[in-house]
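Everything on this sheet refers to the single structure shown next.
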Amino acid sequence: MFRLVSDLRARWRSRLLLTAAVAGVCSVVLMLAAGAYRTSSVADRYERSIGLDFDATVIQGTGVPMTEEVRSLPAVRRAESYTFVFGGLASMDSHESTSALVFAGFEQAIGARLVRGRSADPSTGNEFVATPSFMEETGAELGARFRLSTFTQGQGDSNQFGSSEPAGPTIIGTLVGVVDGPQMIEFPTPIAVFPRRLLDQSGIGVSQTGVVVELAAGADLLRLRTELDALPGGANLSIDSAEVISPAMRRAISAQAWGSWFLAIAAAIAATAALGQVLTRQLRLSTPERTTLTAIGFTDRQILAEVSARAALPIVIGGLVGAALSVAGSGWFPVGYVRPIEPSPGPLVQWEAFPIMVGTLMVAVLVWVVVWSYRSQAGVRAVRPSPTLDAIAGFASPAAGLGVRFAFTRASRERGSVRATMAGVALTLAGLVAAVTFGASVGRLIDEPFRYGSNFDVALGDNGGQAIDPVLASNLRDDPDVTSLMFYAVAEAHAGASTVLLSGLEAVRGTGTPVVLSGKLPITADEIALGRVTAHDLGVGVGDSIELVGPTGLQSFHVTGLVVVSGFGRNDGIGKGGVVMLPGLARLDAAAAIVVAAVRFEPGSHGIDKYRAMFPEGSPDERFQPSAIVNIARVRTVPFLLAAVLAVLAVLTLSHGLFTAVRARRRDLAVLEALGASRRFVSRVVHWQASAFAAGSALLAAPIGFVLGRTVFARYADGIGAVDSAALPMLAVGGVAAGIVVLANIVAAMPARMTRRATTAVVLQTE
């Protein structure tokens, strides 16, 4: 204790700086870990925050909402609905129309939470809440009045929006609140939500109703399906997930969380190694001190205990300070598109996980110091010759040969291991390569639409499920500029309680068929290819058989392959649904009509211009992007931000490792000068040592990083059902490796200059 107090008094400035370094590093690592935890848990915490716990959503097409009928089922404990209304809003002040979608019903049923103002009064039908995108588009403030002009059911069913005036009731509504939520993030179209009383107005046309239900005790989805089928028109109702946050968004959040956890873990390992090396070098006893203590009777264990006590103080104090700083910095997370659904923005202490993270990091650093201090007490081991290094040295110049030897072997008086230092650098570089690989793979997925099912130039049709115009179909068949033409019909089928969205394919010509992941496309009417997500949910694979129920009854299909499903109709899942041939779809739904033409034109032909006149409501050449792709596109820069952070860690780790390694060779370099080597030769040896050290770390890191990045991307792509082949950004990785070598030489310049300035005799006396 006396020596500990004396050490603190004599070296309080250096110990204070050491404690500050520990605090700074711990705060960064723990803040990253806190951010990773918040990201991975944000979906569940959001759903708990809005108090919604529904089991399924019953989807109804056009017509009077069957909310009460569904609510009355024995399997249903609670039911709330939202209904899409055919209508348009215009400001009473500016008389300008908005592009907002209008809903009537329970605002929380679409995953919304109130963020400003108040909820609409459910006893009236002339108040509404809106999304932030609505507020941005209209520039409206709370209290603004809007005119809702509705279309009749007949106008909506016949798609008369651009050709006739609204013939339904007109309602003057007042904007009273702003709601936000995950669905508004996935689909940023402006939305206005009125109370359910709006539908009391007779003559309002509706497009689709969703009824979110909480099942009664003991009930399951299969029982719900059976009771729905017993209702008049119930067979046309489908069951979907009631998750406020969609599976696609959850997968995107999971991918971001994986990256965040990887960053936190990589930073923790790199920080443990770096802090451990710094603390060991600063706190271990010098040879004269050890000799003196041994002479007066101190044992090795007592000496080790003293070193551990000296290390524990800055680790504990710095760790606690770093923990406090990390709590303050945790409010920066989560980042990206996930941030708007964080239910508790600002600093957050994860009481269930935070003490574990703090304790683990502090113990890891302390164990590192103790272990390496013990190794230092054990004496210096002889340096063993290496046949591999001898062979390399035989082909290199004398300076290069010595530099390579110095890079991969420890100095004769060095107690540390060069492999440990190189491993720390390589680990950080592997994380950097993995982040770059994942980011490049995500970028390729977004930029090459066939990887997510858009294996065509344009999809013509898909107009609310209406059959494609026969004139358009005929023109496409005869058009010489059309190199690939696929017609699709769409229908729904049931597999137990699950709804499967099916596309019936008629391949006219070309190669624009769905991308096959495994197996093959169906050929006969009793074959089917499934999206990977649907196959996983149903528990089937290539070679299995499944039974589907449609309007015509029960039909059996043989699974021939797994495909990337194109998004038509209600299908927005990439990996959801399945593909059958058109006769196969007719087995399930004889009334299913062709609604989409997937077309690929001759390059440079501008073939789409011929068909613009048939689409007066807008351009037909906008390529559809599923929500999973939209979500990942919003965070495509996150992997490269991760790479930037890891690059900083790599620079710091590399700089510390090289500086320590070169200083450890001061005696060896002095011996070279004593034997007649020039200062220039010695400087070349140092730079070759740095280059070999950096190149060795990069060569070790590159394959590990490639494998890790490809594995993480494959997990994400498999989860959404897209093509899972990862990119190999060789140019970027080569640039990283070259940059590391250049950086190593820049870092090595300082100890090399110090070595040149030092007097050989002084170095030999002191080292």
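Some notes on this structure:
- Candidates are the residues of region 514-534 that are in a loop (DSSP other than H, G, I, E, B) and hydrophobic (A, V, I, L, M, F, W, C); the one that is farthest from Ala598 (Cα to Cα) is Ala525.
- Test: residue in region 452-464 that is of a type in the set (Gly, Ala, Ser), out of contact with any strand residue (DSSP E or B) (no Cβ under 8 Å at 6 or more places or on another chain) and more than 30 Å from Ala714 (Cβ to Cβ): no
- Unmet criterion (only one of (1) modelled with pLDDT of 75 or more; (2) farther than 30 Å from Phe450 by Cβ) for Gly705: (2)
- Residue check: Arg116 meets all listed conditions (1) at pLDDT below 85; (2) over 27 Å from Ser254 (Cβ atoms); (3) of a type outside the set (Gly, Ala, Ser); (4) surrounded by fewer than 20 Cβ atoms within 10 Å (Cβ to Cβ) but one, namely (1).
- Of all the numbered requirements in (1) touching an Asp or Glu at 6+ places or on another chain (Cβ under 8 Å); (2) part of a loop (DSSP other than H, G, I, E, B), Phe487 misses one, and that requirement is (2).
- Verdict on Val76 being more than 27 Å from Ser158 (Cα to Cα), under 36 Å from the mean Cα position of the chain (by Cα), modelled with pLDDT of 85 or more and surrounded by 20 or more Cβ atoms within 10 Å (Cβ to Cβ): yes
- Flag if Val559 is within 13 Å of Ala493 (Cα to Cα), in the same structural domain as Ser503 (by TED's automatic domain parsing) and modelled with pLDDT of 90 or more: no
- Filter result for Glu527 (of a type in the set (Asp, Glu), crowded, with 18+ Cβ neighbours inside 10 Å and over 14 Å from Gly453 (Cα atoms)): yes
- In region 304-353, the residue that is modelled with the lowest pLDDT out of those that are in a helix (DSSP H, G or I) and touching an Asp or Glu at 6+ places or on another chain (Cβ under 7 Å) is Arg310.
- Qualifying residue in region 44-65 (condition: of a type in the set (D, E, K, R) and farther than 30 Å from Leu263 by Cβ): yes
- On the stretch given as region 36-65, residues that are surrounded by 15 or more Cβ atoms within 10 Å (Cβ to Cβ) and on the phi > 0 side of the Ramachandran plot total 1.
- Filtering region 535-556 to residues that are of a type in the set (Val, Ile, Thr) and either modelled with pLDDT of 90 or more or part of a loop (DSSP other than H, G, I, E, B) (or both) leaves Val540, Val542, Ile546, Thr552.
Residue by residue, here is whether (1) crowded, with 18+ Cβ neighbours inside 10 Å; (2) of a type in the set (A, V, I, L, M, F, W, C); (3) part of a strand (DSSP E or B) holds:
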| site | (1), (2), (3) |
| --- | --- |
| Tyr82 | yes, no, yes |
| Gly88 | yes, no, yes |
| Ser94 | no, no, no |
| Ala104 | yes, yes, yes |
| Pro122 | no, no, no |
| Ser133 | yes, no, no |
| Ala140 | yes, yes, no |
| Leu148 | yes, yes, yes |
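- Against the criterion of being outside any strand (DSSP E or B) and over 19 Å from Val70 (Cβ atoms), Gly218 does not qualify.
- Residue check for Ala493: over 25 Å from Gly719 (Cβ atoms) and either at pLDDT 90 or above or in a strand (DSSP E or B) (or both): no
- Going through (1) surrounded by fewer than 22 Cβ atoms within 10 Å (Cβ to Cβ); (2) in contact (Cβ under 8 Å) with a residue 12 or more places away in the chain one by one, Val490 falls short only on (1).
- Residue check for Ser417: modelled with pLDDT under 80 and within 30 Å of Ile269 (Cβ to Cβ): yes
- Taking first residues from region 143-169 that are at positive phi and partners that are acidic (Asp, Glu) and at pLDDT below 85, the Cβ contacts under 9 Å between residues at least 6 apart in sequence or on separate chains come to Asn159/Glu617.
- Candidates Ala737, Ala714, Ala701: the one that is within 22 Å of Pro626 (Cα to Cα), aliphatic (A, V, I, L, M) and not in a loop (DSSP other than H, G, I, E, B) is Ala714.
The values are calculated or read from the model by the stated rules, or taken from the named source; none is laboratory data. The shown structure was predicted, so the numbers you read here are calculated from the model rather than taken from an experiment. Cβ sites come from the backbone with ideal geometry, for glycine too, and all protein chains shown count toward neighbours.
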